[in-house]
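Trainee: Sending over a structure as structure tokens; questions will come in a sec.
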Amino acid sequence: MTEKHLLIFTIGPVQSFIAEARRTRDLFVGSQLLVELTRAAAYAVDRMQGVEWVYPSHVDQDSLPNRFVAYVPADRVEQVREAAEKAVEDTWAKYADNARKELSKFAPREDKTWKEIWKRQIATFPEVHWTVCRPPSSEQAARLLGGKAPGGHAARHIIASLALNARKGMRQFEHTTEHGEKDTLSGVREPLHTGKLNAKSYWSQVAEGLKNDGNPSLVRPEGRERLDALGAVKRFIPPYNFPEAEKFPSTSSVAAADFRRRIKGNPAAEKALEEHGQEVRKLGIFKPGDGFAAEEIGLAGWEYDGDLLYDSTFTPQALVDDCGLLNVREQDLESARKSLGELYSAANCRPSTYYAILMMDADGMSDKIADCQSLEEHQKISRALSEFAGLVKEIVERQFAGRVIYAGGDDVLALLPVADALPSAAALRGAFRQVLGELLPEATISAGIALVHHRHPLDSALRAAREAQYAAKQIEGKDALCVYALKRSGEPVSVRAKWEYDGIGVVTMIERIRKEFGGPLSSRFAFEVHTEARSLALTRSAHTVPCEALESELRRLLTRHLDPKKVAVSEGEKPGDAVRRVARELAAPLAQLAQALDVHRGNWQKDWCEEHPEHSPDPLDEDYAPQPGALELGKWLLLARFLALGGEE
């Protein structure tokens, strides 16, 4: 039998390349480019005889991770590696050339200066790293891994992973000079321009060319958006490469999806939406659609970007910035404002101005894979992760009104309306546990969610989601959730907790309260709980409220803030009795949740004090320290209120 070596092959950088985005289209294309580059390399490897896949389980799944692991014949290692690297190089060159041809349709003629910038920057991407591990002897494995080491596949995978990490840590210092001003996406590279035209003039002409072609929103006008070569590839890659990108929903479309869901089935609102579309058409606005499967997920049909469902869009400057329209007649603008107001009246609501970025990542998956004692065990986990990746799109885009940016196996990035943020995250966690549970009963996944205004800079929003995910990962034992609500005005809300405590699901509880806020429960309830709990925390003398006392106080506040006219009454039940019943039903689990959050606070404080024996943690430092349970509960209730109001005050 031919000896085989273990190959690990990776493509990057991932986070920085994807995050350099002003539009969700940039974000999606950046992700898909990495997937297709990985797929090209994997196909090249797969064509070689004698290759045995470890991870992913197959190369045809919709979304691939940026790395793969396979056993390759020892006598073909160089051939396989070279084929994979060449496939990446050729595929990247093809996509870059396609984007270049598309850009040239609208741009001034290329010259020597332009070509030098393009060639230099295209050559910097992607970064390919790989490592190969031959079968180590038991003595070699013990020496490399220290003491008693696993044998077989486990040893090889651990050694190869360590070698790969070491290789990535060896920075390659290739001297490149990025002259003058920097592009508006990355802020670190020279924007494309010619010898005669500076960047502002060059990109102003590109925007004008796009406007004349009927696509004025692709690049901001008057040179206010200036792209480098990598940004231009993501922005101008033609539709036949990534058809989904053309209709990928904007942040505004995602934020407004729940509004369209409320309109669906309301004849008056549906008619008003159609009439508003007719007024928008008179403005001469491009109709990209939004890529939602509207009928399947219960959204009212809408041909335009979600921006046009917000009254803030209907100003001359906003139409220039968002749609590239420079000469809009005031009477047409006023007609569009009027039709939108009539739509709000017919729907009896407005679209939320916030949307959610969801990031999820399995906890300690690399350690769990390292514990695999056999190749077969590793392959089973790979198949399970591929199955989960396939479920992500079904859940996010069919059960909810979201869109997946990537789902590589044990990590997820998705955009969702705020109303879908928590329940979709909980559904994904449930799917992960169901798929991985039999193989890895202890497998868990954590999530970070950023709730941001639809006009908030996308790179900053992604950074907030990443920070939220990191904060969730700091919770002892993980299997946790963290939410950052970045309000456009007022203080941000930051909460984190485990998914559940003693059978009390945090998401289930907060979703229940959110729905009550949308019905009989006054939003003042959240403020009063938070204020009372904060006052208690400030005394520093009794951070923990007895569960019975807290339940009693919650019951009192709920009774005060539940509207008897709106509480559902059972047969033969008086309104006052119904209010007291609902107050009891809600107060008990809320108090238990606060008690569980107190336990988390206690565990954190114990660890903190062991590391800082001469100090005590400051209970006022809410950005750093977990708060007493009642105060944490108050913050979760403020989040529920924020969700119920769609981010509005």
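Trainee: Check GLN49 against each of (1) at pLDDT below 95; (2) surrounded by 15 or more Cβ atoms within 10 Å (Cβ to Cβ); (3) touching a Lys or Arg at 6+ places or on another chain (Cβ under 9 Å) and name the one condition it does not meet.
Mentor: (2)
Trainee: Just the residues that are of a type in the set (A, V, I, L, M, F, W, C) and either farther than 23 Å from GLY30 by Cβ or assigned to a loop (DSSP other than H, G, I, E, B) (or both), please, taken from the stretch 178-233. Full working, then the answer.
Mentor: Applying the first criterion (of a type in the set (A, V, I, L, M, F, W, C)) to the stretch 178-233 yields 185, 188, 192, 197, 199, 203, 206-207, 210, 218-219, 227, 229-230, 232-233.
Answer for the stretch 178-233, where residues must be of a type in the set (A, V, I, L, M, F, W, C) and either farther than 23 Å from GLY30 by Cβ or assigned to a loop (DSSP other than H, G, I, E, B) (or both): LEU185, VAL188, LEU192, LEU197, LEU218, VAL219, LEU227.
Trainee: Same structure, new question: Is it the case, given these coordinates, that ILE357 is over 22 Å from GLU208 (Cα atoms), in the same structural domain as ASP411 (by TED's automatic domain parsing) and aliphatic (A, V, I, L, M)? Reasoning before the result, please.
Mentor: Working: over 22 Å from GLU208 (Cα atoms): yes; in the same structural domain as ASP411 (by TED's automatic domain parsing): yes; aliphatic (A, V, I, L, M): yes.
Yes.
Trainee: Hey, ARG514 hits all of (1) charged (D, E, K, R); (2) assigned to a helix (DSSP H, G or I); (3) at pLDDT below 90 but one; which does it fall short on?
Mentor: (3)
Trainee: Could you say which residue among ALA447, ALA414, ALA472, ALA465 is at pLDDT below 95 and surrounded by 20 or more Cβ atoms within 10 Å (Cβ to Cβ)?
Mentor: On the way: ALA447 fails: at pLDDT below 95; ALA414 fails: at pLDDT below 95; ALA465 fails: at pLDDT below 95.
Exactly one residue qualifies, and that residue is ALA472.
Trainee: Continuing with the same structure: Does GLU295 qualify as being farther than 30 Å from GLY209 by Cα and exposed (fewer than 14 other Cβ atoms within 10 Å of the Cβ)? Give the steps one after another, and end with the answer.
Mentor: Details: farther than 30 Å from GLY209 by Cα: yes; exposed (fewer than 14 other Cβ atoms within 10 Å of the Cβ): yes.
It is true that GLU295 is farther than 30 Å from GLY209 by Cα and exposed (fewer than 14 other Cβ atoms within 10 Å of the Cβ).
Trainee: Looking at (1) within 26 Å of HIS456 (Cα to Cα); (2) assigned to a helix (DSSP H, G or I), which is the only condition GLU342 fails?
Mentor: The number of the failed condition is (1).
Trainee: Here's a follow-up. Among the candidates GLU516, GLU553, GLU476, GLU528, which residue alone is within 25 Å of GLY430 (Cα to Cα), of a type in the set (Asp, Glu) and outside the structural domain of LEU413 (by TED's automatic domain parsing)?
Mentor: Numbers: GLU553 fails: within 25 Å of GLY430 (Cα to Cα); GLU476 fails: outside the structural domain of LEU413 (by TED's automatic domain parsing); GLU528 fails: within 25 Å of GLY430 (Cα to Cα).
Going through GLU516, GLU553, GLU476, GLU528 in turn, just one is within 25 Å of GLY430 (Cα to Cα), of a type in the set (Asp, Glu) and outside the structural domain of LEU413 (by TED's automatic domain parsing): GLU516.
Trainee: Please tell me if ILE357 is of a type in the set (A, V, I, L, M, F, W, C), part of a helix (DSSP H, G or I) and out of contact with any Phe, Trp or Tyr (no Cβ under 9 Å at 6 or more places or on another chain).
Mentor: Values: of a type in the set (A, V, I, L, M, F, W, C): yes; part of a helix (DSSP H, G or I): no; out of contact with any Phe, Trp or Tyr (no Cβ under 9 Å at 6 or more places or on another chain): yes.
Judged against the criteria, ILE357 is not a match.
Trainee: Among residues belonging to the stretch 143-162 that are assigned to a helix (DSSP H, G or I) and surrounded by fewer than 16 Cβ atoms within 10 Å (Cβ to Cβ), point out the one that is modelled with the highest pLDDT.
Mentor: Initial filter on the stretch 143-162 (assigned to a helix (DSSP H, G or I)): 143-145, 152-162.
Those left that are additionally surrounded by fewer than 16 Cβ atoms within 10 Å (Cβ to Cβ): 143-144, 152, 162.
On the way: ARG143: 61, LEU144: 62, GLY152: 75, LEU162: 80.
Among them, the one singled out is LEU162.
Trainee: Is it the case, given these coordinates, that ASP322 is modelled with pLDDT under 90, under 24 Å from ALA461 (Cα atoms), not in a loop (DSSP other than H, G, I, E, B) and not small (Gly, Ala, Ser)?
Mentor: Details: modelled with pLDDT under 90: yes; under 24 Å from ALA461 (Cα atoms): yes; not in a loop (DSSP other than H, G, I, E, B): yes; not small (Gly, Ala, Ser): yes.
It is true that ASP322 is modelled with pLDDT under 90, under 24 Å from ALA461 (Cα atoms), not in a loop (DSSP other than H, G, I, E, B) and not small (Gly, Ala, Ser).
Trainee: Identify, please: which residue in the stretch 76-118 is of a type in the set (Lys, Arg) and closer than 27 Å to ASP213 by Cα and is, among those, surrounded by the most Cβ atoms within 10 Å (Cβ to Cβ)?
Mentor: Kept after step one, since they are of a type in the set (Lys, Arg), are these residues of the stretch 76-118: 76, 81, 86, 94, 100-101, 105, 109, 112, 115.
Restricting the remaining residues to those that are closer than 27 Å to ASP213 by Cα gives 94, 100-101, 105, 109, 112, 115.
Numbers: LYS94: 13, ARG100: 20, LYS101: 11, LYS105: 12, ARG109: 8, LYS112: 9, LYS115: 12.
Checked the stretch 76-118; the qualifying residue surrounded by the most Cβ atoms within 10 Å (Cβ to Cβ) is ARG100.
Trainee: Here's another thing I want to ask about it. Consider only pairs whose beta carbons are under 6 Å apart and that are at least six residues apart or on different chains; among these, list those whose first residue lies in the stretch 216-239 and is of a type in the set (Asp, Glu) and whose second residue is assigned to a loop (DSSP other than H, G, I, E, B) and surrounded by fewer than 21 Cβ atoms within 10 Å (Cβ to Cβ).
Mentor: GLU225/THR184
Trainee: Kindly evaluate THR131 against the criterion of being within 17 Å of ALA370 (Cβ to Cβ), modelled with pLDDT of 90 or more and not aromatic (Phe, Trp, Tyr). If you could, list the steps in order and put the result at the bottom.
Mentor: On the way: within 17 Å of ALA370 (Cβ to Cβ): yes; modelled with pLDDT of 90 or more: yes; not aromatic (Phe, Trp, Tyr): yes.
It is true that THR131 is within 17 Å of ALA370 (Cβ to Cβ), modelled with pLDDT of 90 or more and not aromatic (Phe, Trp, Tyr).
Trainee: Right, another one. Any chance you could count how many residues in the stretch 481-511 are part of a helix (DSSP H, G or I) and basic (Lys, Arg)?
Mentor: First, pick out the residues of the stretch 481-511 that are part of a helix (DSSP H, G or I): 506-511.
Those left that are additionally basic (Lys, Arg): none.
Residues in the stretch 481-511 being part of a helix (DSSP H, G or I) and basic (Lys, Arg): 0 in total.
Trainee: Filter the helices (runs of 4 or more DSSP H) completely within the stretch 1-107 down to those with at least 2 residues that are acidic (Asp, Glu).
Mentor: Values: elements: 15-19, 24-46, 77-104.
Passing ranges, in order: 24-46, 77-104.
Trainee: Of all residues in the stretch 52-65, count the ones that are among the hydrophobic types (A, V, I, L, M, F, W, C) and buried (at least 20 other Cβ atoms within 10 Å of the Cβ).
Mentor: Residues meeting the conditions: 2.
Trainee: Name the residue that is farthest from ASP420 (Cα to Cα), counting only residues in the stretch 235-260 that are surrounded by fewer than 19 Cβ atoms within 10 Å (Cβ to Cβ) and charged (D, E, K, R).
Mentor: GLU246
The values are calculated or read from the model by the stated rules, or taken from the named source; none is laboratory data. Everything quoted here is computed from the prediction, not taken from an experiment. Cβ sites come from the backbone with ideal geometry, for glycine too, and all protein chains shown count toward neighbours.
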